[in-house]
Amino acid sequence: MPVEFLISALVTLLVVVDPVGLVPTFIAITHDLPARSRLSVALRACLIAAAILAGCALVGDWLLRTLSITLPAFRIAGGLLLFSIASEMVFGVRIERQSQQAEQALEERVRNIAAFPLAIPLMAGPGAITATVLLAGRGGGDPLRLAILLAVIATVLALCFLVFALATPIARLMGTTANTVLSRLLGVLLAALAVQYVIDGVRVALAG
């Protein structure tokens, strides 16, 4: 059902991209920029990430066929990758890694921080790309489901921009403890979704 696909796609991408969890990294990267420049960086990062994920949704299935990779195999591999990301979220490794990437970007004086590290790999990273391709594969080539997936991508990245625009008050409101708890709860949810992807892939592979 399209409604079930909509809910699944929205929850999966929200958990993988984790807009609220990116707030500390965004603040660390843009702390020395004026407000207008911070909004510009946020907008460009979200547009770049949206373009990458939309491209994966449109050509991901074709790419798998070209490489002779079956969808069940990609579901299993993708599920394992998402489970790895989920375990990082649960044990707090992901937050530490994002902070290190932010510090590295500052130290190296990256010219376009909107592209790196915000758009890639923090928003449109391996997990988000994998999830997008998996969701596109679940759509089975249905134009309606593909349109739903593209709309979900646009919604999630629009939410990222809104969160970045309100990054300072959100960080002040949540604090370190709340952000840590939220990241771990979302990690458990993502782990369950990842296991489901693996189960679906194994089931289809065995049935074939």
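Just so it is clear, none of the values below were taken in a lab; they were calculated from the coordinates. Keep in mind that this is a model prediction, so the values were computed, not measured. Ideal geometry is used to build each Cβ from the backbone, glycine not excepted, and the neighbour counts take in all protein chains shown.
Here are the numbers for the structure shown:
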quantity	calculated
Choice from LEU58, LEU157, LEU149 showing the highest fluctuation, given a GNM over the chain with Cα pairs closer than 10 Å	LEU58
0 to 90° range, to nearest 10: angle between helix 126-138 axis and the chain longest Cα axis	30 degrees
Taking the chain and dividing mean pair separation by its residue count, relative contact order in percent (alpha carbons under 8 Å, at least six apart)	47 percent
Centre separation in Å (Cα based) which lies between the range 109-151 and the range 5-23	11 Å
Nearest-ten-degree value, helix 167-207 long axis tilted from longest Cα axis of the chain	10 degrees
Length added when fully stretched, ALA73-ALA171, from 0.36 nm per residue minus Cα-Cα	31.3 nm
Exposure proxy order (Cβ contacts within 10 Å, fewest to most) of SER84, SER183, SER37	SER37, SER84, SER183
At R0 = 25 Å, FRET efficiency that the Cβ-Cβ distance of ILE7 and LEU144 yields, to 0.05	0.95
